[in-house]
Structures are given as C-alpha cells and as structure tokens.
1. Among 173-181, 383-391, 25-33, how do they line up from the highest to the lowest mean number of other beta-carbon atoms within 10 Å?
2. What are the extents of the Cα atoms of the chain along their three principal axes, in Å, largest first?
3. Which whole-percent values make up P(r) of the stretch 313-386 when all C-alpha to C-alpha distances are grouped in 10 Å steps starting at zero?
4. Using just the helices of the chain, give the 222 nm mean residue ellipticity in deg cm²/dmol: DSSP H runs with n ≥ 4 each add -39,500 (n - 2.57), and the total is spread over all residues, rounded to 500.
5. May I ask you to order 256-263, 238-245, 371-378, 73-80 by the average number of other C-beta atoms within 10 Å around their residues, highest value first?
6. Can you pull the Kirkwood radius for the stretch 389-450, inverse mean 1/r over Cα pairs, to one decimal in Å?
7. In what sequence, highest mean first, do 204-211, 304-311 appear when ranked by Cβ atoms within 10 angstrom?
8. If r is the Cβ-Cβ distance from R267 to E92 and R0 is 41 Å, what FRET efficiency results, to the nearest 0.05?
Amino acid sequence: MEKEQISVFDILKIGVGPSSSHTLGPWRAAQRFLVRLEEEDLLRNVEQLQIHLYGSLAKTGHGHGTDIAVALGINGDDPVTIDVNQINPTIEYIKSNKKISLGGKQTIPFSFKDDIVFHFTESLPFHPNALTFQAFLTTGKAVTETYYSVGGGFVTQENEVLDSNNQIDLAFPIENANELLGWCIRTGLSISDIVLENETAWRSEEETRAQMLAIFEVMKDCVYRGCHTEGVLPGGLSVTRRAAKLNKKLLNGKSYHDYQSWVEAIRSGGSDFKYTLDWVSCFALAVNEENASFGRVVTAPTNGAAGVIPAVALYFSVFHHDIEEEEVLHFLATAAEIGSIFKKRSTISAAMGGCQAEIGVSSSMAAAALTECLGGTQAQVLIAAEIAMEHHLGLTCDPIGGLVQIPCIERNTMGAIKAITASQLALKTDPDKTIVSLDNVVKTMWQTAQDMSSKYKETSDGGLAINIPLSLPEC
C-alpha cells in the first residue's frame with residue numbers, strides 16, 4: 001500500500017481565512033472541478049452550475065464562508081494570490097449581477113441563493129465535509145464531481161488513490177514519531193535536518209528555503225496587521241477585535257514605525273511573566289481576528305488554529321533573540337513534521353476529531369518547534385509535542401453561530417501558552433523516565449475522535465453553540 005507523503009508546504013499553506021476545511025478546502029475543490037472541465041474541453045458548453053454542501057459544510061458553511069470560497073474558486077481566483085481587499089467587492093459583483101465567470105473564460109448565470117444548496121440534514125458517509133459540483137451542459141448532459149475537504153486545506157475524492165507515479169524516494173520515510181526518532185538516532189541529525197533533507201526530494205534547498213521564509217513573513221505580517229486593526233468582526237456576533245487595543249495598552253505610548261521597531265518597543269517593556277503572557281495572547285488574538293475577517297494567514301495546520309505557531313514563534317523571536325533565518329527553517333520544519341504525523345495517523349480535521357485536531361495539533365507542533373530552537377534533544381522535542389497534545393485530548397469543536405470566533409480565537413491563546421509550558425517541561429524531562437510517547441497520544445486522539453459525538457465536531461449542534469442565545473441575521 002502506498003504511504004502518504006507530506007511536505008512542509010502541505011501542512012503550512014498561505015491562504016485566506018476563516019477556515020482551512022470550510023473555506024480553503026472547498027475553494028481548492030472548486031478549482032479542481034474547473035480543471036476537470038477544462039481538461040475535457042467542456043467549459044464552453046456549461047450553461048448552469050450548482051454546488052451542493054453537505055454535513056458540517058452545510059451546517060457551518062455560512063459562518064465559515066464556504067459559499068464565498070466556492071464562488072471565488074469557480075470565478076478563477078486563487079487563495080494564495082488574491083487581494084483580500086477585493087474579496088467583498090468580487091462577491092458583491094457576482095451577487096448583484098447574478099453571473100459568474102468560470103475561471104475567467106465563460107460567463108454563466110449564477111445565483112447564490114439558488115445555485116449554492118445547503119443540505120443541512122444530509123451527510124455523506126465518507127467524510128462530514130462533502131461538496132458536490134454539477135455542471136449542466138448545452139448538450140443536455142451533466143458533469144458531477146463530489147469532493148471531501150478533509151482538514152488543513154486537503155481535498156480528496158472517495159475513490160481517489162495515491163498515484164504511484166507521484167511517489168518519490170524520500171531519504172527518510174516517516175509514518176510515526178518512533179520512526180522519526182529512529183532516523184535521528186541512526187544519523188545523529190536533528191528532527192528539522194531530517195525534514196529538510198526529505199524536502200530536497202521535491203525541490204532544491206534554495207526553493208525550500210525561500211518558500212519557508214516567505215511563510216514566516218506572512219505570519220509576521222498577519223500578526224502586525226492584526227495588532228493594528230480595530231473594529232468588529234464580520235458574521236453577526238458583533239465580536240470586537242481585541243488585539244489592537246491590547247497592543248496599545250501594553251506599549252503605553254511607545255512610538256515605532258514598522259515591524260522591527262515595534263518589536264524593539266515590545267522588548268523595552270521587559271520580560272516579566274505577566275507582560276510576556278499578555279504579548280503571547282496578543283500575537284495569537286491578532287492572527288485569528290485577521291483569519292475571521294477573511295485576511296491572509298498561514299494554515300498551520302488549519303486556519304482555525306492559525307494563531308498558535310506564529311504566537312510561539314514571535315515569543316521566541318521577541319523574548320529570546322531575533323530569530324535567524326536558519327532558526328526559522330528549523331522551527332517550521334519541526335512544526336510541520338509533527339503536523340504530518342497527526343495527519344497520517346489521526347486527523348487534523350475538526351469535523352472528524354473536534355478541536356483537539358486543530359488547536360491540539362497546532363499546540364503540539366509549536367511545542368516541538370520551540371523545543372528544538374531552545375536546544376532540546378530529539379527525544380525532548382517529541383516529548384514536548386506529546387505533552388501539548390495530551391492536555392488537549394477530547395477538546396470539542398462547538399463554534400457559536402458556525403463562526404470561527406467564539407471560542408476559537410481565544411483557544412489559540414490557550415494553545416500557544418500550553419505549547420510554551422509543554423516545551424519548558426520537556427526541556428527539564430529525562431527521556432528515559434517518560435511513560436507516554438507521542439505515538440501513544442496520536443493513537444489516543446484518533447480513538448477519542450471516533451468516540452466523540454458528531455454534535456461536537458464543527459456542526460454547531462452542541463456545547464457552547466446551543467447554549468448561547470443568538471439572533472443572527474440571515475446570510
């Protein structure tokens with residue numbers, strides 16, 4: 001059986017909020033459907049298009065912007081390159097004109113109300129995040145494809161198999177944490193060095209380096225932008241953005257003019273525990289407020305948990321020392337490998353595993369990355385990942401109003417703090433005295449996910465989502 005091969009850039013993706021599984025995944029599915037129509041030279045024959053959303057995609061689709069995402073994908077826009085300031089105008093143009101361009105090549109009538117169908121009471125058996133595209137042709141025939149958004153922006157089809165022609169020879173094939181540690185022991189390499197060596201099977205070292213540094217720049221830009229943007233988040237909950245206000249309060253009138261001078265201003269305030277804690281929370285809040293506003297973020301490993309890794313990375317960079325380029329590579333490579341293990345052996349989809357699959361995994365990734373950058377051994381890095389996830393087991397996903405806002409934004413602050421705590425504990429831990437391994441926790445997380453009621457898996461059918469009275473406007 002072919003094994004799943006996952007690159008750093010499969011786990012860490014530049015995209016648009018608010019959700020990797022409900023926004024980025026459906027967006028990519030729409031692009032895949034367009035590609036099929038183009039490959040079969042059918043685009044010019046399409047006269048009507050309908051999109052059907054099932055399960056979790058239907059129940060929380062409005063709040064997560066699934067309808068917006070599929071429309072933008074069909075329209076030919078890409079989540080990596082689109083000007084996020086043009087998202088609302090583009091959608092308003094499609095709605096008001098009741099027309100959409102199929103990849104910029106064929107314009108057809110299109111109604112958000114009639115052509116995006118939410119099947120609130122139906123779920124397809126393969127995965128809770130299902131969507132079906134139907135293109136009706138002038139010939140009287142139709143083309144139908146069903147896709148599943150399985151978390152972290154990954155998209156698949158039910159009968160899709162890994163193409164053996166696309167399998168590559170990795171220097172260090174890894175399926176679980178024990179195999180990863182085994183390679184480290186045999187070679188003496190760090191976890192990040194193992195990962196970076198594997199990446200050369202896909203591209204040159206220079207390309208990998210440039211892409212990873214670009215990802216870190218997006219993270220920094222997102223934090224900075226979020227710390228300087230006030231207002232109310234979209235969606236109807238009237239959630240006030242807090243990062244900018246907290247930023248002002250903590251800086252207490254200090255002046256700065258760009259990212260680096262902002263960092264220096266933060267440092268000048270000292271490094272006592274409360275001050276540091278406030279800043280870690282501020283960094284995480286900033287990212288996920290941007291994410292909730294259709295801002296540009298890095299999926300790490302999901303959009304709903306996009307604030308954890310940047311917050312921990314900036315904690316290291318601001319309160320330890322300026323993070324150097326090599327440290328950025330080590331941090332992101334280590335984080336991505338931990339995310340990859342969870343993806344292979346469990347899930348990174350909240351619709352499959354609850355919030356333990358998002359915040360829990362991101363906290364585990366961040367804890368491992370921080371531990372490596374702080375000089376931990378390979379075993380201590382894995383211990384940090386284990387500790388962080390162990391204390392997220394069973395965490396439910398119950399977004400109020402189907403929005404990635406409450407409790408999602410604050411949970412990123414909790415995930416970041418737990419990651420730092422886990423790292424500190426791991427650095428003081430003798431690996432020979434540990435009882436629970438990372439693989440034990442990954443297995444337990446998957447078992448917990450299978451036992452968890454569907455109402456706690458991103459459906460807004462349980463938990464806080466049904467205990468907070470709301471009066472949301474119709475979307």
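What follows is calculated from the coordinates using simple rules that are stated; it is not laboratory data. On a predicted model such as this, the values are computed, not experimentally measured, just so you know. With ideal geometry, Cβ positions are generated from the backbone for all residues, glycine too; neighbour counts draw on all protein chains shown.
1. Ranking, from highest mean packing down: 383-391, 25-33, 173-181.
2. Here the Cα extents, ordered largest to smallest, are 68, 57, 44 Å.
3. 22, 48, 25, 6
4. So the calculated ellipticity at 222 nm is -15000 deg cm²/dmol.
5. My ranking of the peptides, most packed first, is 371-378, 73-80, 238-245, 256-263.
6. Numbers: mean 1/r = 0.0734 Å⁻¹.
Computed over Cα pairs of the stretch 389-450, the Kirkwood hydrodynamic radius comes out at 13.6 Å.
7. By packing density, highest mean first, the sequence is 304-311, 204-211.
8. 0.45
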